[in-house]
Amino acid sequence: MSRISKEDAWRAKEARLRELFLGGLAGDSRCYREFLDELSTHLRAFLRKRLADLPNDVEDLLQESLLAVHNQRHTYNPGQPLSAWVQAIARYKLIDLLRRRAARELLTDPLDDERDLFSSVDTDAADAHRDLHKLLAELPARQRLPIIHTKLDGLSVQEAARVTGMSESAIKVGVHRGLKALAAKLRGLK
C-alpha cells in the first residue's frame, strides 16, 4: 500500500474544494453547502492554530471569514489556487480581529499610571506595517502575492509557487517587478 504524501493530500483537498466552490458558483446549492462545510473544517483548524491564546474568538472569526468568502466569491480568479484566495481572506479577518482586540485593550488601560509614559514603545513599526499593506494592495496580484508569500511570510520561491499556482520564474519576476513598483511608489510619496 502506498502512502500519500502531504503535498498530494494538499492537492487533493485543493481540487475537491475548488470543484465544490466552482459548482456552487455555477448555481449548484448542494455543492456550495458541501464547500462551506468542508471549508469550515479547514478554516477552524487554521484559526485555532493562530488563536491558541484566544480560543473563544475562533468560532466568531470562522463565521466572519465564511461570510467574507461568500460576499467576495465574485472576486475569485479560477486560474489561481482557491486555498491562497481563502487564506488571504482569513488572514485579513484575523488581522482585523487582532486590531479590534488591541483597540479594546487600549481603551481599558488606566489613563492615570504615570509609569506608562516612559514604558511606551514607538508605533513607527506598526505604522510602517500598515502602510506597506496599503501599498501592496495597490499592486496587481501577480506582484503582490509573490512578495507577501516570499518576503513577508518567509516561504521559499518553490513554496510560494505551489501556494499561488504560479511558476517559480513567475514568482521571481513578480517579486522583482513588485519591489521595483513599490520603490517607485515610495519615491513618489517623498
Treating only Lys and Arg (+1) and Asp and Glu (-1) as charged, each at its beta carbon, one finds that region 1-106 has a dipole about its Cα centre, in Debye to the nearest 20, of 240 debye
Rounded to one decimal in nm, the spacing of the 7 Å Cα→Cβ label points at Ala15 and Leu186 is 4.2 nm
Most exposed first, judged by fewest Cβ atoms within 10 angstrom, Arg187, Arg50, Arg100 run Arg187, Arg100, Arg50
Descending packing, highest mean Cβ count within 10 Å first, for 151-158, 33-40 is 33-40, 151-158
Expressed in nanometres to one decimal, the distance between label points 7 Å along Cα→Cβ at Asp153 and Arg33 is 3.2 nm
Looking only at lysines whose Cα falls under 22 Å of Lys172's and that sit 8 or more positions away or on another chain, we get Lys134, Lys151, Lys180, Lys185
With R₀ set to 41 angstrom, the calculated FRET efficiency between the beta-carbons of Glu138 and Ser40, to the nearest 0.05, is 0.80
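A short reminder: the numbers here are calculations on the coordinates, not readings from a lab. The structure presented is a predicted model; accordingly, all values stated were derived computationally and were not measured. So basically every Cβ, Gly included, is an ideal-geometry build from the backbone, and we count neighbours across all protein chains shown.
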